[in-house]
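This report concerns only the one structure given below.
Any read-out appearing in this document is the output of simple, stated calculations on the displayed coordinates, not a laboratory observation. The structure presented is a predicted model; accordingly, all values stated were derived computationally and were not measured. Please note: Cβ atoms are built from the backbone with ideal geometry, for glycine as well, and neighbour counts cover all protein chains shown.
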Number of protein chains: 2
Amino acid sequence: MPEFKFVYTGIRVRDLDRALQFYVGILGMKLRKREKELENRGEFAIVESEGSDQTLEINWYEDDSPVAGPYREGEELDHLAFRVDAFDDALDHLARAGHPVVMGPIDDGKYRVAYVKDPDGIWVEVYEVREAAGR
Amino acid sequence: MPEFKFVYTGIRVRDLDRALQFYVGILGMKLRKREKELENRGEFAIVESEGSDQTLEINWYEDDSPVAGPYREGEELDHLAFRVDAFDDALDHLARAGHPVVMGPIDDGKYRVAYVKDPDGIWVEVYEVREAAGR
């Protein structure tokens, strides 16, 4: 069985600055990264508490983003992310188990990424890092 | 400022066995704990990937649970959990910042637990462990 490593939880927010004011300003999390994703028409931030390996990704998307529709109540959980070392095997394994790819695969030269859904409809990201660096 | 440590993400599912078949059976996560919570009319499981400190809590509730209404699409993100060492200070700090307690505090002798909401309405659990043991 291919190895899947759970690496972060991605939530979706309506205002990234306002969300960071809460998670960083009020809860004291450290901002590790903040980056615009032009192709997604979105922006995300990675935050962690001091002394914890638990990672939260905070995602914001334009209403006309190609990867996310307008924000409605209930869109708060964006996705759970799993890193793999054997991308094709992992997707085959999931498809055979009844969880085919619902978005992707996307290959930007650095990451290979695809999404499947869990039995409750939760988006699960599966990705492989092609270069040595990266999360 | 009181210290808040992000410790796990809690998702909500409609069928715990079916969810574990996905996260444990298909994605290979390890089941660390599974427990019924009689007072909540629910049951939860804690799962982690081998070699990762990232923790996922999978929650299931009866439709008449006192802590959760019927499952509708969009209920997938149950809560994000932060552990604190100074519970009262932490709640004061949050209330002053505009995030008052919306459920709790609950004190079962072992944990003190309360919930606030982030700016997008995401439930944030704040808890203190009263005894040495515990997650």
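Given the options B:93, B:79, name the one that is crowded, with 17+ Cβ neighbours inside 10 Å, at the interface with another protein chain (Cβ under 9 Å from one of its Cβ atoms) and touching a residue at least 12 places away in the same chain (Cβ under 8 Å).
So the residue among B:93, B:79 that is crowded, with 17+ Cβ neighbours inside 10 Å, at the interface with another protein chain (Cβ under 9 Å from one of its Cβ atoms) and touching a residue at least 12 places away in the same chain (Cβ under 8 Å) is B:93.
Could you grab me the full set of residues in the stretch B:1-25 that are among the β-branched types (Val, Ile, Thr), at the interface with chain A (Cβ under 7 Å from one of its Cβ atoms) and either within 15 Å of residue A:117 (Cβ to Cβ) or in contact with a Lys or Arg (Cβ under 8 Å, 6 or more places away or on another chain) (or both)?
So the first thing to find is which residues in the stretch B:1-25 are among the β-branched types (Val, Ile, Thr), and the list is B:7, B:9, B:11, B:13, B:24.
Subsequent filtering for residues that are at the interface with chain A (Cβ under 7 Å from one of its Cβ atoms) retains B:7, B:9, B:11, B:13.
The answer is B:7, B:11, B:13.
Could you tell me which of the residues A:112, A:72, A:32 is surrounded by 14 or more Cβ atoms within 10 Å (Cβ to Cβ) and among the charged types (D, E, K, R)?
A:112
What number goes with the only condition from (1) among the aromatic types (Phe, Trp, Tyr); (2) free of Cβ contacts under 8 Å to residues at least 12 places away in the same chain; (3) touching a helix residue (DSSP H, G or I) at 6+ places or on another chain (Cβ under 8 Å) that residue B:4 does not pass?
(2)
Quick one: which of A:43, A:39, A:50, A:57 is surrounded by fewer than 18 Cβ atoms within 10 Å (Cβ to Cβ), assigned to a strand (DSSP E or B) and on the phi < 0 side of the Ramachandran plot? I'd like the intermediate steps shown before the answer.
Details: A:39 fails: assigned to a strand (DSSP E or B); A:50 fails: assigned to a strand (DSSP E or B); A:57 fails: surrounded by fewer than 18 Cβ atoms within 10 Å (Cβ to Cβ).
Sole residue among the options that is surrounded by fewer than 18 Cβ atoms within 10 Å (Cβ to Cβ), assigned to a strand (DSSP E or B) and on the phi < 0 side of the Ramachandran plot: A:43.
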